[in-house]
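Visitor: My structure is below; once you've seen it, I'll send some questions.
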Amino acid sequence: MENESIGCDGSDLMSPDHARASLAQQVGIALLALPLVGSCLAAPFLFPLLQAILLAWMVPPALFGLVGGWRRSWGITLGLTAVALTAYVLHDLLTDEFGLVVIYDTCVLGLRPAGLEYYHEWAILLDVTILVLWPGVAITVHASIDRWRVCRWQDRTRAARCASCDYSLRGFSEPRCSECGEAFDPDHAAAAIQALEEDALRPR
C-alpha cells in the first residue's frame, strides 16, 4: 500500500514536525471551510454580502496566526483568538438583542423575537459563523507558517550534506565530498550551514 505521507521534497517520508504542521493545517482548513460553506447554504441569497463581511472579519484571526507563527508559539495564537472570541461574545450578548442572546429561543424553541422579521436569523448566522471561522483562520495561518519553516529547514539541511552519501559538508575546504568524492557547490553549502546555525540560535 502506497504511503500517503509526503514530505516537503515530494518523498514518501515526512518528519514528525512536518506531520504535526500538516495535521494542524488540515484541522484549520476544515474549521475554515465549515462555516463558509454552511453560511452559504443557509443563506444563499445573502452570499455576496455575507462573504464580503466575513472577508473583513478574517483579518484579526489571520494577524493572530501570523504573530503566533512568527513567535513559534501556539499559546499566543490560541490565546489571542480565545480572548478576542470571548470579547466578541460578551459584546454581542450585551448589545445585540437579535444575536446570540436569543439563539436558544430562535434555533431550539422556534420563537421569533420582536423586531425585523429576518434580522435575528441573519445576526445569529453571522455570530455562529465567526465563532467557528476565527479559530479556523488563526490555526490555518499558524500551521502554514510552521510547514513553511519545516520545509525551509529540511531544504537547508539537505543542502548542507552530500547529495550522494549524506555526509556533512561542514568545514570542507575543497568542493568535493571527502567520503565519496561527489562534487558540490561550496557557496551553496556554506550558506545553508550558516542559515542552520542562525536558526538554531533563535528562540523556540
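Visitor: Any idea which of T95, T77, T106 is at pLDDT 70 or above, over 32 Å from the mean Cα position of the chain (by Cα) and among the hydroxyl-bearing types (S, T, Y)? Show your work before the answer.
Guide: On the way: T95 fails: over 32 Å from the mean Cα position of the chain (by Cα); T77 fails: over 32 Å from the mean Cα position of the chain (by Cα).
Only one candidate passes the filter, namely T106.
Visitor: Please find, within the stretch 156-174, the residue that is farthest from the chain's Cα centre (by Cα) out of those that are of a type in the set (G, A, S) and surrounded by fewer than 12 Cβ atoms within 10 Å (Cβ to Cβ).
Guide: Across the stretch 156-174, the extreme among qualifying residues is S173.
Visitor: Further question: If a residue has to be assigned to a loop (DSSP other than H, G, I, E, B), in contact with a helix residue (DSSP H, G or I) (Cβ under 8 Å, 6 or more places away or on another chain) and among the aliphatic types (A, V, I, L, M) to count, how many in the stretch 138-187 make the cut?
Guide: Of the residues in that region, 2 qualify.
The values are calculated or read from the model by the stated rules, or taken from the named source; none is laboratory data. Because the structure is predicted, anything quoted here is derived from the model rather than measured. Virtual Cβ from ideal backbone geometry, glycine too; neighbours counted across all protein chains shown.
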